[in-house]
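The values are calculated or read from the model by the stated rules, or taken from the named source; none is laboratory data. Computed from a predicted model, the values in this text were never measured in an experiment. Virtual Cβ from ideal backbone geometry, glycine too; neighbours counted across all protein chains shown. With ligands, DNA and RNA removed, areas are computed over all heavy atoms of the protein, side chains included. Shrake-Rupley method; radii C 1.70, N 1.55, O 1.52, S 1.80 Å.
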2 protein chains.
Amino acid sequence: MVERESRYDLGAILKAASDPTRRAILTMLAQQGPLRVTDIARRFEMSLNSVSKHIKVLENAGLVQRRTEWREHLIEVQMDPLSAVDEWFAGLRSIWALRLDALETALEDPEDDGTVP
Amino acid sequence: MVERESRYDLGAILKAASDPTRRAILTMLAQQGPLRVTDIARRFEMSLNSVSKHIKVLENAGLVQRRTEWREHLIEVQMDPLSAVDEWFAGLRSIWALRLDALETALEDPEDDGTVP
DNA sequence: ACTTCAGTCAACCATTTGGGTGAATAATGC
DNA sequence: GCATTATTCACCCAAATGGTTGACTGAAGT
């Protein structure tokens, strides 16, 4: 059985994705497939070190996976954690919709004064 | 015609949502409907000021809206910006899927050597 | 052995962030 | 007019962030 459950840190995912450089890295990886750190860095006007740090943030959030073959670190995008965000959004939307439903019902029911405590 | 287009700042939305306190505020607002700043703050072990700041961050990202009726500021959750995130995720996933498709096709076609440049 | 290449680690710096306090603003209630 | 209520504004502070450079580790090529 697959260990279903949000094993991902929602905050970490969102924070990782909130940086434009890191989003660009993710896009690049999705388009081009697994890349080495150096290859990624070369496409940015930024030091290799900074890119390496960004990758570590992404890795930490689970948005990227590292396959250390040979002396090269192949970085691969990982879409799974995104679903944790999807799920949180869905949850938020549903409780919001639920409240609206309750509100409507209350309005139809004249016993209630229509206020939401 | 509705001004469709991502008028939202993806980075701002993600960053705003990356903080646990702010996520809690959003959840609270979704459950309870519009609330005053003070009401929100009372539910946290945190100064009113800090909560006020958090709300401003959310407001800035478009995730909440302020209806300044009377002297009270009614804060209301706004789900629209979330779709900007949805869309970005969808885009990322689709370019990723596209690349995989291309890869498969290449593998079926023996003229290609199977490598992805 | 020596050099080069791929990356990380460590230290540093400026800026942002998340928190706090106290004063300021503005409307209401007396 | 004065106190109360609701909220923001202006600072202060510690910690985190995004970037830099320079030293280090480890594998490959010569």
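Key figures for this structure:
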{"item": "Burial of 50 Å² or greater, segment B:30-60 residues [accessible area, probe 1.4 Å, versus chain by itself]", "result": "B:Ala30"}
{"item": "Inter-copy separations for B:Asp39, label at 7 Å along Cα-Cβ, nm, ascending", "result": "5.4"}
{"item": "Potential lengthening between B:Ser52 and B:Asp39 on full extension [0.36 nm per residue; Cα-Cα distance subtracted]", "result": "3.6 nm"}
{"item": "Nearest-first distances (nm) between copies at B:Arg93, label 7 Å from Cα via Cβ", "result": "1.1"}
{"item": "Segment A:10-78, accessible area per residue, ligands and nucleic acids excluded (1.4 Å, Å²)", "result": "51 Å²"}
{"item": "Chain-alone versus full-assembly comparison, segment A:85-105, residues with accessible loss of at least 20 Å² (1.4 Å probe)", "result": "A:Asp86, A:Trp88, A:Phe89, A:Leu92, A:Arg93, A:Ile95, A:Trp96, A:Arg99"}
{"item": "B versus A: buried accessible surface, summed, Å² (probe 1.4 Å, to nearest 100)", "result": "2700 Å²"}
{"item": "Qualifying GluC sites (Glu not before Pro) for segment B:1-73 [loop in DSSP, other Cβ within 10 Å: at most 14]", "result": "B:Glu3, B:Glu5, B:Glu45"}
